[in-house]
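Let me begin by presenting the structure, written as structure tokens, before commenting on it.
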Amino acid sequence: MSLVSRTPPPCRIRAEKFRYGVGPNWAERVACDAVSRSSLFGVKERVVGSSSLSWNAENGAWALGFGASGCKRLGHFIVAASPPTEDAIIATEPLTKEDLVDYLASGCKPREAWRIGTEHEKFGFEIDTLRPMKYGQIADLLNSLAERFDWDKIMEGDKIIGLQQGKQSISLEPGGQFELSGAPLETLHQTCAEVNSHLYQVKAVAEELGIGFLGIGFQPKWGLKDIPIMPKGRYEIMRNYMPKVGSLGLDMMFRTCTVQVNLDFSSESDMIRKFRAGLALQPIATALFANSPFTEGKPNGYLSMRSHIWKDTDKNRTGMLPFVFDDSFGFEQYVDYALDVPMYFVYRKKKYIDCTGMSFRDFLVGKLPSIPGELPTLNDWENHLTTIFPEVRLKRYLEMRGADGGPWRRLCALPAFWVGLLYDDVALQNVLDMTSDWTEEEREMLRNEVPITGLKTPFRDGLLRHVAEDVVNLAKCGLERRGYKETGFLREVAEVVRTGVTPAEKLLDLYHGKWVGNVDPVYEELLY
């Protein structure tokens, strides 16, 4: 879908500084249009080169384009988030915390503009040896996809590191995990069609190269020493930093795969409701999609090793974010949290500058030790937000991050689960009512225990499975009320709650039975 100029939908922005929550005195922000947004942001950054500004009807964001017509408007523009990007903006005075809050608030969209964005990762491997595919093989795969299916290449120096086609992109995770970031789509039918089209293209090329792709949450056979390292600057910085802040960060980078869905909100209050529901239920999603029971060829004692790994990756940027349930929570409180999460890098002149452990608060006032005197742009802020990894993440949309990667049917099931719960008002309210008296300790207990015991995790007077049954039913009813005949996409998770057996437990049964203690058959069992 092309970018078109139009007045953006009403969103909530701060007309003055005040503290806001969701109580009776909670104040709605004023509606804004193109003119008021420009005057709100003020002339804090200068656009370099000729440009045009348009409203992206597909994802509700301002996009900065370049042409020959000259600069249409000077202002503090929101740049489309596809980090890293070349700096099109030079900061001439410091951003303020209020600017960062307004940046998040600019994600507000009316219901008719809500979309579904699905991302999934998968492990590529050599069919003959089962070894992880090397960067040279990945480069051949990316180049062939570009040539055969008309993708644009994304380069870092002279290395191909991804592909872009319209609103879809293909990228590489640190260990060569192959990720599709899907376009913002209206229905789950479109989402599943996108997944199927992607897998068709990838398989068509990969089979010629002797490559297969595995849908699982954690590398089942190979150790860290066996995983190739991708030639991306940000990953080198992260690789050096991770062992300083946790014992499992390198496993997270090189040996995990996930599927996640990105969803919209209409206002700050809508964001708060969805954020709370998503966090409370994230352990249920983890259980339903648990699919990572093997490490280096043996059972590892977990149903979701991927989920467990996040517990000791970097506690400064992961977890269940208990402050989201405070009465004072809103965009501003998330900004305060994000400002205190240590930075990884700044991207300048096609290079990553190591800023690990440094403060974005210092960056706001030009006191970042790595680049003293330089001020951040909104693109720096967006880059920083992508380096925060809680179970639910806020950008200009909400990301549900608790599920293991899996076979293609589950790639369609995860967005179905969350769309049914969060895009239907009745289902969302039922979730909030159901979880309203869950304590912080109970939510944290579920986060800690579910990776081990899945749906069999004891909860109050029963098992988590019983709660999951109710939640899946709420999702089904929510999808029915949407009217798109999408409930069939929930069959995978409905079967899990009906039997109480997670995907990981099925794999363990095969390992101890038909596979006779050999993990290699998983590469055929979960081959895309």
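The values are calculated or read from the model by the stated rules, or taken from the named source; none is laboratory data. Quantities reported herein were computed from a predicted structural model and do not represent experimental measurements. Note that we place each Cβ from the backbone using ideal geometry, even for glycine, and neighbour counts take in every protein chain shown. For the accessible areas, the whole protein counts, side chains as well, though only heavy atoms, and no ligand, DNA or RNA atoms are used. Shrake-Rupley method; radii C 1.70, N 1.55, O 1.52, S 1.80 Å.
Packing-based ranking of 330-338, 165-173, 397-405 yields 397-405, 330-338, 165-173, ordered from highest to lowest mean Cβ neighbour count within 10 Å. A simple packing score, the average count of other Cβ atoms within 10 Å per residue, orders the peptides 503-515, 243-255 as 243-255, 503-515, with the highest score first.
Spacing of the modelled spin labels on residue 187 and residue 203, each 7 Å from Cα toward Cβ, amounts to 2.4 nm. Taking the Cα centre of each part, how many Å lie between the range 417-446 and the range 497-521? Here the two parts' Cα centres lie 30 Å apart.
Computed from the Kirkwood radius of its Cα pairs, the Stokes-Einstein diffusion coefficient for the range 372-466 at 4 °C and 1.567 mPa s stands at 79 µm²/s.
Sorting the Cα pairs of the range 109-222 by distance into bins of 10 Å, from 0 upward, gives 13, 45, 31, 10, 2, 0 percent per bin.
Taking label positions 7 Å along the Cα-Cβ direction at both residue 367 and residue 429, the computed distance is 4.9 nm, reported to one decimal.
P(r) for the range 143-276, from all Cα pairs and a bin width of 5 Å, is 2, 8, 15, 18, 18, 16, 12, 8, 3, 0, 0 %, short bins first.
Among the listed pairs 274/351; 298/456; 225/311; 203/349; 221/506, those with a Cα-Cα distance over 26 Å are 274/351; 203/349.
The overall shape of the range 403-528, judged from the alpha-carbon gyration tensor, is oblate: a/c is not under 1.5, and a/b is no greater than b/c. With the charge dipole of the range 143-250 set up from +1 on Lys and Arg Cβ and -1 on Asp and Glu Cβ about the Cα centre, the Cα lying farthest toward the positive end among the listed residues 211, 191, 223 is that of 223. Note on residue 130 and residue 225: the model spin-label points, each 7 Å out from Cα along the C-beta direction, lie 1.9 nm apart.
What's the carbon and sulfur percent of the range 384-528's accessible surface, probe 1.4 angstrom, rounded to a whole number? That fraction is 50 percent.
Once you have a ≥ b ≥ c as the square roots of the Cα gyration tensor eigenvalues for the range 236-278, tell me rounded if a/c is under 1.5, and otherwise prolate or oblate according to whether a/b is larger than b/c.
Working: a/c = 3.35, a/b = 2.55, b/c = 1.32.
Verdict is prolate for the range 236-278.
In terms of its C-alpha gyration tensor, the range 217-371 comes out oblate, because a/c is 1.5 or above while a/b does not outweigh b/c. Partners of residue 159 within straight-line reach, counting aspartates and glutamates whose Cα lies under 12 Å from its Cα and excluding those fewer than 8 residues away in the same chain: 140. Sorting the segments 408-421, 302-315, 431-444, 215-228 by their mean number of nearby beta carbons within 10 angstrom, highest to lowest, gives 408-421, 302-315, 215-228, 431-444.
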